[in-house]
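Structure record follows, encoded as structure tokens.
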Amino acid sequence: MKTAVPPEIQPAHASTFRALRHRNFRLWFFGQLTSLVGTWMQTIAQNWLVYQLTGSAWDLGLLNFVGAIPLVPLTLHAGAIADRFSKRRIIFLAQVSMMILAFVLAILCATGMVKLWHVLALAFLLGAAQAIDIPSRQAFVIELVGREDLANAIALNSGTFHGARVIGPAIAGILVASIGVSGAFFLNGVSFLAVLGALFLMDATRIQRAEPDVKSGTDLWGGVRYIAGNRAPGALVLLVSLTAFLAVPYYVLVPIFAKEVLGGGAGMYGGLMSAAGVGAVLGSLYAATGGAVRRKGVLLTAGSLSLPVILLAFSLSRSYPGAIFLLAAIGFAFVILNAPANSLLQNLVPDHLRGRVLAIYVSLFLGLMRLGGLLVGLLASATSATAALAIIGAGSLVASLLVFRKFPELRRME
């Protein structure tokens, strides 16, 4: 007879990778990792393309903002759709749409026909596909692993995203420097086949899908009312949203920082973004450990207060090694804020509202991050990239301190 070992005395590696014991989640984990490498390649190549086309910090901010425009009108519908229909099917169709958009951009660049308006239009359409995809993708995790392994799965899921940040930007930097941006866009399109294959190979009988509540699934405002009427979920959404608006848009200025402050090119830009990915992977692995899973409030506090402080230090950096170290620290701090916030919110939300609440949570994060990107681009145009980084770092620190003063219970959440 095999005796179960309590999580607190399991070996560290067993606790850290616990969710991978579920076959469907293993497929999802490795399929996403491959696809997200391509997504990060496209992100880096797309930002570099716009900077080459116009040389404008404002246009870099505009690119990131345009992708957020469809999020607002589609958010509530996407959440309601996720609560009513098969999340696996919704994700599959959305991923196919994003694959097609990647190939279109690759063709435009390869033929030399690409213009700024093409990139902006495709970013808008990609934002629409992501608005449908992300709520279902976030709410799908619990169906793959159950509530017991949810916190671990969310941390590992974050690890796939940020692990791709290590590989994708580095490959994109090499590709852009050697063969141009079209190669990065083409490989991104191919990479979608990995997640599509993972979804196809899943055992549908092991997907723990909650019974859809057809009546409440048509209530588009149910998620809004839940967040507004419940103190803890509302505080979590507020904290993450403010961080997304004030701190996370730093990445918009990294290509300018690489070129104008450090005197580098596409390769250095890719290296800087990869460093942030390395830190985020380490943060994800730490957040997945048993001890961290049980100290969510402590991690949340540490991440939200350290992130803006490190960002302020980054704004003062003038050496490539120093910038690499600080961006790795930024990546680590971001994950130990975001992973516990996501886990806490999913555990608090009733099953029949999960899709709609996560739709609001994710769209606020992405929408405010991109709005912040637009504003930080404007700030950098009016002042400098380093001054803009310092301003958003200081603003984020003040905002986080105010949230913890208003909601001190966040520090004690488990």
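Bear in mind that the values in this text are calculations on the coordinates, not laboratory data. The structure displayed is predicted, hence computed values, not measured ones. With ideal geometry, Cβ positions are generated from the backbone for all residues, glycine too; neighbour counts draw on all protein chains shown.
Observations
- Using distinct alpha-carbon pairs, which all enter the 1/r mean, Kirkwood radius of the stretch 87-220 in Å: 17.0 Å
- Gyration tensor verdict on the stretch 224-291 (Cα atoms; rounded if a/c is under 1.5, prolate if a/b is larger than b/c, oblate otherwise): oblate
- Going from the residue with the fewest nearby Cβ atoms within 10 Å to the one with the most, Lys87, Lys296 rank Lys296, Lys87.
- A Gaussian network model of the chain, with springs between Cα atoms under 10 Å, assigns the largest mean-square fluctuation among Ile107, Ile154, Ile142 to Ile107.
- Estimated [θ] at 222 nm from DSSP helical runs (n ≥ 4, -39500 (n - 2.57)) normalised by residues in the chain, nearest 500: -26500 deg cm²/dmol
- Relative contact order of the chain, pairs being alpha-carbon contacts under 8 Å that are 6 or more residues apart, as %: 29 percent
- Given (i) 27; (ii) 17; (iii) 21, the label whose value is percent of Cα pairs over 37 Å apart derived from this model: (ii)
- Structure remark: mean-square fluctuation, Gaussian network model of the chain, C-alpha springs under 10 Å; the largest value among Ser319, Ser158, Ser241 belongs to Ser319.
- Among Arg295, Arg356, the order by Cβ neighbours within 10 angstrom, fewest to most, reads Arg295, Arg356.
- DSSP H segments from the chain that extend 30 Å or more along their own axis, Cα-based, with Kyte-Doolittle mean of 1.0 or above: 87-110, 116-145, 150-178, 181-201, 266-288, 296-316, 320-348, 354-382, 385-406
- Exposure proxy ranking, count of Cβ atoms within 10 Å, fewest first, for Trp28, Trp48: Trp48, Trp28
- Shape of the stretch 31-78, Cα gyration tensor, a/c cut at 1.5: oblate
- The chain: most fluctuating residue of Ile324, Ile179, Ile336 per GNM, C-alpha cutoff 10 Å: Ile179
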